[in-house]
1. If you take every residue apart from residue 499 with its C-beta less than 13 Å away from the C-beta of residue 499, what net charge results, scoring Lys and Arg +1 and Asp and Glu -1?
2. How high is the relative contact order of the chain, in percent, counting Cα pairs under 8 Å that sit 6 or more residues apart?
3. Express in whole angstrom the spacing between the alpha-carbon centres of segment 256-282 and segment 316-364.
4. What's the ranking of 183-196, 343-356 by average number of surrounding C-beta atoms within 10 Å, highest first?
5. Can you give the net charge of the other residues whose Cβ lies under 13 Å from the Cβ of residue 404, counting K and R as +1 and D and E as -1?
6. Per residue, how much accessible area does the chain show when a 1.4 Å probe rolls over the protein heavy atoms, in square angstrom?
7. At 222 nm, what helix-only mean residue ellipticity would the chain give, in deg cm²/dmol to the nearest 500, using -39500 (n - 2.57) for each DSSP H run of four or more?
8. Leaving out ligands, DNA and RNA, and with a 1.4 Å probe, what % of the accessible surface on the chain is carbon or sulfur?
Amino acid sequence: MLSTILLAALGYLNPVVPGFHPDPSVCRVDSDYYLVNSSFQFFPGVPIFHSRDLVNWQQIGNVLDRRSQIELKEADSWGGIYAPVLRLHDGTFYMVTTNCSDRGNFFVTAPSPHGPWSDPVWIEQGGIDPDLFWEDGHCYFTSNPNDGIHICEIDPVTGRQLSESRLLWRGMGGRYPEAGHLFRKDGWYYLMIAEGGTEMGHSITIARSKNLYGPYVGNPANPILCHQRQAAQTNPIQGTGHGDLFQAHDGSWWIVFLAFRPQINGMHILGRETCLAPVKWVNGWPVVNDGNPVTLEMPNAPFADNVLKPQSLMSNVQSSFRDDFRDRTLAPRWVYLRNPDSSRYELTGNALRLKGGAPLSQNSVSPTFVAHRQQDIECDITTFLTLKGNEGEAGLSVYMESSAHYDLYLTPEEKDGATVSVRAQLDGFVHDFPSVRISSRKCLLRVVCKADRYIFQYAKPLTTDWHDIASVSTRYLTTETAGGFTGTVIGMYASGNTTADFDFFSYNK
């Protein structure tokens with residue numbers, strides 16, 4: 001009999017991809033798994049991950065990494081790239097998604113998940129959250145125009161619509177029926193969707209039919225996943241929905257789905273994250289996690305019966321890192337707001353140099369800002385900044401969207417001095433905390449993230465004597481307060497007529 005310690009060692013932790021990584025979709029290739037997420041107004045778009053055990057995911061790139069693929073002009077936290085789906089057919093990978101700030105639904109293709117990915121092939125049928133399904137040489141496209149899941153046949157090369165759009169299912173009556181995924185099993189066509197809106201009442205429902213075009217009959221036990229019920233009312237995982245169901249290489253079934261972790265007064269700030277749960281089939285219907293709420297600590301890792309891995313329960317989430325900016329290009333984890341002006345970013349060999357641009361509060365252009373998703377409720381972020389020039393500002397920003405961000409920054413003063421400041425921008429209201437003058441334009445900056453507040457600090461070069469500048473509540477950057485579909489990102493910025501060198505960026509969990 002396995003000991004309790006060994007059983008714990010075979011468990012895993014949700015979310016498996018923490019931080020702002022919503023709308024997950026998984027494609028299996030033998031025993032390799034690839035996962036994509038929405039990216040909204042951030043560039044590059046659609047991060048793509050690889051795993052061999054479903055719980056340890058490594059980002060291998062971004063599907064949409066050039067402007068010919070993704071136009072984000074004036075995109076805000078409600079716009080940009082929605083709900084990608086990753087599929088493999090006849091040796092070609094397809095990623096289908098919606099650009100809500102451009103022409104709508106499209107797909108791109110590649111010979112490998114590593115790319116290169118094609119330019120967009122646009123699709124006529126509207127709605128969001130598209131999916132692709134193949135059968136007998138035909139390619140079918142689904143999305144949700146007019147508050148229901150519709151299907152049409154398309155040309156998988158040109159995207160041309162080959163048949164009229166037909167309604168398949170409107171769900172079980174929840175608002176915003178979306179995220180329809182079609183698959184076939186044991187002679188049935190299954191259509192799994194999300195309902196209720198991507199909030200506390202989010203849920204996953206499923207229907208089936210013997211005919212591709214229906215009629216589809218809902219599962220009597222719907223919803224198959226929902227934490228808006230008494231059994232899950234105190235669960236630290238909420239807003240469960242928008243799932244993708246798949247069979248693993250060992251025959252087991254699993255579902256990835258989005259959820260969020262409330263951290264202050266029932267509100268969340270990290271965005272919607274990717275979670276994982278086991279699935280069993282009972283009387284022709286999928287049952288998620290034996291009908292129980294999905295938890296942070298899950299007792300049985302995928303494939304644990306086949307490969308005993310001496311890993312701790314927490315080891316699948318490795319969010320700490322340090323980037324010294326010594327490479328020729330930035331790692332795929334880094335993102336920009338909208339389409340960046342590449343001339344404002346330079347890797348000098350020992351620093352990341354940023355040339356000042358528009359303010360972070362300006363939504364019509366891309367500011368000089370490069371950021372990383374906040375993935376942990378409690379963590380700290382540190383950088384070393386050298387400010388050049390006699391104008392502008394540069395520093396760290398905790399950014400939810402253009403009207404909701406906290407900035408820790410340096411501005412130049414006379415005789416090569418500088419001022420360390422903190423500013424809170426909240427939907428038209430701006431609060432400046434008392435500044436501190438220092439005798440150098442070089443400074444360590446740190447943001448300490450807590451469940452209920454952000455603490456902004458500075459230290460002089462070659463010291464670890466941290467001084468607090470301000471402490472600001474997290475609640476004003478939560479999704480429930482600031483709005484949008486994203487989560488907080490924390491990164492380096494420069495605005496105005498200035499240049500700033502950042503020697504490193506350290507993220508510590």
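1. Details: positive: 344, 353, 355, 388, 441; negative: 346, 391, 393, 501.
Overall, the nearby charge balance is +1.
2. Relative contact order, the chain: 15 percent.
3. So the two Cα centres are separated by 28 Å.
4. The packing order, highest mean first, is 183-196, 343-356.
5. Here the count lands on -3.
6. Per residue, the chain has 39 Å² of solvent-accessible surface.
7. Here the helix-only value at 222 nm equals -500 deg cm²/dmol.
8. 48 percent
The values are calculated or read from the model by the stated rules, or taken from the named source; none is laboratory data. Because the structure is predicted, anything quoted here is derived from the model rather than measured. Here the Cβ is made from the backbone with ideal geometry for all residues, glycine too, and neighbour counts use every protein chain on show. What goes into the accessible areas is simple: the full protein's heavy atoms, side chains included, and nothing from ligands, DNA or RNA. Shrake-Rupley method; radii C 1.70, N 1.55, O 1.52, S 1.80 Å.
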